[in-house]
Amino acid sequence: MDILFLGTGAGMPGKIRNVSSLALKMLNERGAVWLFDCGEATQHQILHTSLKPRRIEKIFITHLHGDHIFGLPGLLGSRSFQGGELPLTVYGPEGIKEFVHVCLNVSGTRLQYELDVVEIEEGLVFEDGQMTVETRRLEHGIDSYGYRIQEKDKPGMLLVDQLKKDGVPPGPLYKEIKSGRSVTLEDGRLIIPDKYMGPPQKGKTITVLGDTRPCAAAVALAEEADLLIHEATFSADNPQMAHDYFHSTTAQAAEIARQAGVKVLILNHISSRYTKEEADNLKKEAEAIFTPVTLASDLMEFSV
């Protein structure tokens with residue numbers, strides 16, 4: 001799985017950062033892309049990448065402030081022109097359904113694919129045989145949610161050397177055993193899969209938070225995650241401003257990462273007041289509390 005940052009700024013587009021959007025690329029795992037937030041000009045950012053809109057399977061909106069949703073109607077419409085025929089689901093807080101439907105209806109946009117818009121509450125919002133997505137309400141000026149994306153554990157590796165040692169001939173039987181089915185050999189022996197499988201491979205956990213003050217829900221969503229993507233709108237020397245505007249500082253994001261015991265922290269949603277030259281200092285503020293830290297930048301890609 002890879003994270004592609006399409007927009008890492010806060011509030012409005014800047015010269016070096018577009019507004020919020022990131023893509024979770026799971027092309028090897030499920031041949032699909034999940035988008036988190038879709039700020040203005042997200043589809044313009046996509047043009048600078050190899051990402052195909054027709055591959056976008058789900059879009060998760062954290063909250064309904066414009067810098068997180070104003071790019072959504074355009075992307076939904078363009079997906080029809082770019083060969084997108086597979087169904088697409090949009091998840092978001094109450095109001096997302098009205099926003100999408102009004103934009104599409106007023107503009108006369110006709111989609112060539114099935115669109116489902118789901119208004120979320122706290123709890124499990126998606127599950128299939130491979131993934132789960134859990135959400136909790138954060139602390140912001142309007143309803144803002146964080147998402148915990150968890151990959152289910154995968155079967156262990158097939159112990160081929162042990163099979164050969166026990167005289168199990170290579171071929172279709174190996175596929176049956178790897179699928180968890182017992183097989184009977186020509187000599188009458190029953191082969192039980194458990195003996196020939198390595199330990200399960202633990203699935204990855206990624207936490208993507210919407211805009212928020214530091215809160216207990218953020219810690220719960222990020223608990224022992226492989227990756228936490230946390231907003232850091234303000235520097236560590238502006239805690240009062242962060243609080244007044246329902247945001248977090250670099251230091252507060254790092255403290256959430258420390259409390260949750262995550263493996264990696266990525267700082268996101270950076271105010272345009274901070275220049276490119278000041279980026280190193282923002283990162284150092286967080287590193288004083290937690291490591292490792294990465295400061296997100298537009299079009300940066302991170303492998304999980």
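The values are calculated or read from the model by the stated rules, or taken from the named source; none is laboratory data. Just so it is clear, the model here is predicted, and its values are computed rather than measured. Because the Cβ atoms are built from the backbone with ideal geometry, glycine has one as well, and the counts that use them run over all protein chains shown.
If you scan segment 92-117, which residues turn out to be hydrophobic (A, V, I, L, M, F, W, C), part of a strand (DSSP E or B) and within 22 Å of Leu138 (Cα to Cα)?
Listed by number, the list holds a single entry, Val117.
Which condition number does Ser248 fail, the rest of (1) among the polar types (S, T, N, Q); (2) surrounded by fewer than 18 Cβ atoms within 10 Å (Cβ to Cβ); (3) closer than 30 Å to Ile46 by Cα being met?
The failed condition is (2).
Residue check: is Phe246 assigned by TED's automatic domain parsing to the domain that holds Glu127, of a type in the set (Phe, Trp, Tyr), on the phi < 0 side of the Ramachandran plot and outside any helix (DSSP H, G or I)?
no
Check whether at least one residue in segment 48-66 is among the aliphatic types (A, V, I, L, M), in contact (Cβ under 8 Å) with a residue 40 or more places away in the chain and buried (at least 20 other Cβ atoms within 10 Å of the Cβ), and report yes or no. Reasoning before the result, please.
The initial filter retains those residues of segment 48-66 that are among the aliphatic types (A, V, I, L, M), namely 51, 56, 59, 61, 64.
Add one more test, that the residue is in contact (Cβ under 8 Å) with a residue 40 or more places away in the chain, and what stays is 51, 64.
Pick out the ones that are also buried (at least 20 other Cβ atoms within 10 Å of the Cβ) and you get none.
No, every residue in segment 48-66 fails to be among the aliphatic types (A, V, I, L, M), in contact (Cβ under 8 Å) with a residue 40 or more places away in the chain and buried (at least 20 other Cβ atoms within 10 Å of the Cβ).
What is the residue count in segment 164-220 for residues that are touching a residue at least 60 places away in the same chain (Cβ under 8 Å), in a strand (DSSP E or B) and aliphatic (A, V, I, L, M)?
3
Assess whether Gly146 counts as being in the same structural domain as His63 (by TED's automatic domain parsing), in contact (Cβ under 8 Å) with a residue 24 or more places away in the chain and within 22 Å of the chain's Cα centre (by Cα).
Yes.
Does His68 count as at pLDDT 95 or above and assigned to a helix (DSSP H, G or I)?
Yes: the conditions hold for His68.
Kindly evaluate Ser20 against the criterion of being in contact (Cβ under 8 Å) with a residue 60 or more places away in the chain, hydroxyl-bearing (Ser, Thr, Tyr) and at negative phi.
Yes, satisfied.
Return a yes/no flag: does segment 285-292 have any residue that is under 24 Å from Asp2 (Cα atoms), modelled with pLDDT under 95 and not charged (D, E, K, R). Reasoning before the result, please.
Let us first name the residues in segment 285-292 that are under 24 Å from Asp2 (Cα atoms), namely 286-287, 290-292.
Checking the rest, the ones that are also modelled with pLDDT under 95 come to none.
Scanning segment 285-292 turns up no residue that is under 24 Å from Asp2 (Cα atoms), modelled with pLDDT under 95 and not charged (D, E, K, R).
Among the residues of segment 54-83, which ones are charged (D, E, K, R) and within 15 Å of Val117 (Cβ to Cβ)?
Residues satisfying the conditions are Glu57, Lys58, Arg79.
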